[in-house]
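These notes concern the structure reproduced below.
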Amino acid sequence: MYDIFISYRRENGAMTARLLYDRFTDMGLNVFLDLEELSSGHFDIALYQIIEESKNVVVVLSPNSLDRCVNDGDWLRNEVVHAMQCNKNIVPFMLRGFSFPDTLPEDMKDFHTYNAVKVSPEYFDASIEKLASLLKDVAIENNEDSKPASESVIKDSFSNKYFTSEDRKEVRRLKIQRELIAGFDNPTYKYVESICDELRVLDIGSNDGDYIFGKFGSSGKLKKLVGLEYDKTAVEKANKNHGDDENFRFYQADVESDTLADTIEDAMEDIGIDSFNVINISMVLLHLDNPYRLLKTIRKYLQKDGYIIIKDIDDGFNVAYPDPDGLFAKAVKICSKCEESGFRYSGRRIFTLLEQTGYRDITLQNCGINTINMDYDQREAFFNIYFGFIIDDIRDMTEKHPEVKEYMEDYQWYKDSYEKLESMFQIKEFFFSLGFMIYLAKK
Ligand SMILES: C[S@@+](CC[C@H](N)C(=O)[O-])C[C@H]1O[C@@H](n2cnc3c(N)ncnc32)[C@H](O)[C@@H]1O
């Protein structure tokens, strides 16, 4: 009996399938991954039996992986259809760049209705944990021996014989993306760190804690930290990787809830402080309905002369030149329609909000990351930071609102224009600036 059967397309999905196999095997699960050539030419009858004996079927969906399913006898189609017919617990694991083809064969037509995990390369480990949470009869205590954070999974894979050049490229791309963003915001964090003797930090929307620990974790000055985060899995991971009961704690909380003040006060009592001297809000205000109320509430817990750092985005500060046919302008407009991408003009209102909620000495520390002096790899990574994610978001919109024709048109246009956008981005004279903004203010 297998806990998990992993189905994948060999061309682009092999590395991910292998990572999942290693990860779940490390958790003590019995996993079937067809590494032999069983499925290369014919669909072996033995695979049917293995699917029947598996509690869960994970289908790794890499870009274009379902295109060949229109062909009778396609083995990925056979696996998926057999799993559907056996009523297996099927979880699609959707990699970036994957989208459902316009038509699926009749016997697979309901495949897109299964509860799927959309893989975020930045939070790869969280994606695996989300996947684990959807599996049947799989306990997901975070066993100490299991491979930890996404970074480690990726690093470990360098010694993996199934590692392919494409995956190496992906790791390198992520590294460049982090460096690009770090070059933009690190000076602000370093400045705050340098003028504070110690750091007592409230981090709003802390996700898995990696971001705030990446900024302040290495100096030795970080003495106390409260992270507030909506996503339960991210909070668990943050506490596991960075938490300790005494000084660093992450709490599951909706920072827009009426009980925010109580949550913060309880947290401060837990770690034994009566104020913070730094509040950090990175890429969160754009997702909130009422940022004014949040800023006003948390100000009470910031000590006099304490700092607030806010990083956000404003697509109005995106500039593409030359853009003779308006392709970039259209792509940016499409992004602003996606519900999951938040309010894309959030950055410009932050100065006003900070003034209105009583903060002072407000400075816009940096505005815009641009292509000047970037090499090919940097431009590629930069393009992906923004344009690489729109496709997933707009596809979600078409699935959520199938009745809105405009979303389907946008999706089709975006798919058709993607390579053109990507290649224009690589022209040496092409200038693009992305509207990240970082503010610093005091109480
Ligand atoms: C784009 S991520 C940014 C994570 C991290 N601060 C960083 O900069 O890498 C936004 C985070 O805010 C969290 N978030 C959004 N709305 C929230 C809310 N109302 N309460 C708590 N967390 C929220 C999300 O779950 C997500 O983890």
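Among the candidates ILE334, ILE391, ILE372, ILE362, which residue alone is part of a loop (DSSP other than H, G, I, E, B) and away from the ligand (no atom under 15 Å from the Cβ)?
Result of the check over ILE334, ILE391, ILE372, ILE362: ILE372.
Of the residues ASP270, ASP266, ASP274, ASP289, only one is over 15 Å from ARG348 (Cα atoms), acidic (Asp, Glu), within 11 Å of the ligand (Cβ to nearest atom) and outside any strand (DSSP E or B); which? It would help to see each step written out before you state the result.
Details: ASP270 fails: within 11 Å of the ligand (Cβ to nearest atom); ASP266 fails: within 11 Å of the ligand (Cβ to nearest atom); ASP274 fails: within 11 Å of the ligand (Cβ to nearest atom).
Going through ASP270, ASP266, ASP274, ASP289 in turn, just one is over 15 Å from ARG348 (Cα atoms), acidic (Asp, Glu), within 11 Å of the ligand (Cβ to nearest atom) and outside any strand (DSSP E or B): ASP289.
Being modelled with pLDDT of 95 or more, touching a strand residue (DSSP E or B) at 6+ places or on another chain (Cβ under 6 Å) and either surrounded by 17 or more Cβ atoms within 10 Å (Cβ to Cβ) or outside the structural domain of ALA126 (by TED's automatic domain parsing) (or both) is the requirement here; does LEU228 meet it?
Values: modelled with pLDDT of 95 or more: yes; touching a strand residue (DSSP E or B) at 6+ places or on another chain (Cβ under 6 Å): yes; either surrounded by 17 or more Cβ atoms within 10 Å (Cβ to Cβ) or outside the structural domain of ALA126 (by TED's automatic domain parsing) (or both): yes.
Yes, satisfied.
If you go through the range 370-386, how many residues are of a type in the set (D, E, K, R) and buried (at least 19 other Cβ atoms within 10 Å of the Cβ)? Walk me through how you get there before you give the answer.
First, the residues of the range 370-386 that are of a type in the set (D, E, K, R): 375, 377, 379-380.
In the following step, the residues that additionally are buried (at least 19 other Cβ atoms within 10 Å of the Cβ) were identified as 379-380.
Total meeting the criteria: 2.
Just to verify a result, which residue in the range 212-225, among those that are away from the ligand (no atom under 16 Å from the Cβ) and in contact with a strand residue (DSSP E or B) (Cβ under 7 Å, 6 or more places away or on another chain), is farthest from ASP274 (Cα to Cα)? Let's see the steps before the verdict.
Taking the range 212-225 as the starting set, the residues that turn out to be away from the ligand (no atom under 16 Å from the Cβ) are 218-221, 223-224.
From the residues that got through so far, the ones that are in contact with a strand residue (DSSP E or B) (Cβ under 7 Å, 6 or more places away or on another chain) too are 221, 223-224.
Working: LYS221: 18, LYS223: 13, LYS224: 11 Å.
Applying the filter and picking the extreme gives LYS221.
Consider ASN78 carefully, then state whether it is crowded, with 18+ Cβ neighbours inside 10 Å, out of contact with any strand residue (DSSP E or B) (no Cβ under 7 Å at 6 or more places or on another chain) and without any contact (Cβ under 8 Å) to a residue 40 or more places away in the chain.
Numbers: crowded, with 18+ Cβ neighbours inside 10 Å: yes; out of contact with any strand residue (DSSP E or B) (no Cβ under 7 Å at 6 or more places or on another chain): yes; without any contact (Cβ under 8 Å) to a residue 40 or more places away in the chain: yes.
In short, yes.
Among the residues of the range 301-316, write down those that are modelled with pLDDT under 95 and either away from the ligand (no atom under 16 Å from the Cβ) or outside the structural domain of VAL192 (by TED's automatic domain parsing) (or both).
GLY316
Anything in the range 189-236 that is touching a residue at least 60 places away in the same chain (Cβ under 8 Å) and farther than 30 Å from ASP262 by Cα? List them, or say none.
TYR191
A quick yes/no check of all residues on (1) farther than 18 Å from ASP125 by Cα; (2) in contact with a His (Cβ under 7 Å, 6 or more places away or on another chain); (3) modelled with pLDDT under 95; (4) in the same structural domain as ILE281 (by TED's automatic domain parsing):
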position: SER219; (1), (2), (3), (4): yes, no, yes, yes
position: LYS224; (1), (2), (3), (4): yes, no, no, yes
position: ALA234; (1), (2), (3), (4): no, no, yes, yes
position: ASN247; (1), (2), (3), (4): yes, no, no, yes
position: PHE250; (1), (2), (3), (4): no, no, no, yes
position: ALA261; (1), (2), (3), (4): yes, no, no, yes
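Has the range 175-197 got any residue that is under 22 Å from ILE264 (Cβ atoms), outside any helix (DSSP H, G or I), touching a Lys or Arg at 6+ places or on another chain (Cβ under 6 Å) and of a type outside the set (Ser, Thr, Tyr)?
no
Does the range 251-259 contain at least one residue that is in contact (Cβ under 8 Å) with a residue 60 or more places away in the chain and among the aliphatic types (A, V, I, L, M)? If you could, list the steps in order and put the result at the bottom.
At the first step, the residues of the range 251-259 found to be in contact (Cβ under 8 Å) with a residue 60 or more places away in the chain are none.
No, every residue in the range 251-259 fails to be in contact (Cβ under 8 Å) with a residue 60 or more places away in the chain and among the aliphatic types (A, V, I, L, M).
Could you tell me which of the residues ILE298, ILE281 is under 26 Å from THR357 (Cα atoms), within 13 Å of the ligand (Cβ to nearest atom) and assigned to a strand (DSSP E or B)? Walk me through how you get there before you give the answer.
Details: ILE298 fails: assigned to a strand (DSSP E or B).
After applying the criteria, what remains is ILE281.
Taking the stated definitions as given, is ALA238 within 9 Å of the ligand (Cβ to nearest atom) and not in a loop (DSSP other than H, G, I, E, B)?
Values: within 9 Å of the ligand (Cβ to nearest atom): no; not in a loop (DSSP other than H, G, I, E, B): yes.
So ALA238 fails the test.
Quick one: in the range 241-263, which of the residues that are of a type in the set (D, E, K, R) and more than 12 Å from the ligand (Cβ to nearest atom) is farthest from ILE212 (Cα to Cα)? Even if it seems obvious, please write down each step before you answer.
Within the range 241-263, the subset of a type in the set (D, E, K, R) is 244-246, 249, 254, 256, 258, 262.
Next cut, more than 12 Å from the ligand (Cβ to nearest atom) only: 244-246, 249, 258, 262.
Numbers: ASP244: 15, ASP245: 17, GLU246: 18, ARG249: 12, ASP258: 25, ASP262: 23 Å.
Only one residue tops the list, namely ASP258.
The values are calculated or read from the model by the stated rules, or taken from the named source; none is laboratory data. This one's a predicted model, so the numbers in the text were calculated from it and none came from an experiment. So basically every Cβ, Gly included, is an ideal-geometry build from the backbone, and we count neighbours across all protein chains shown.
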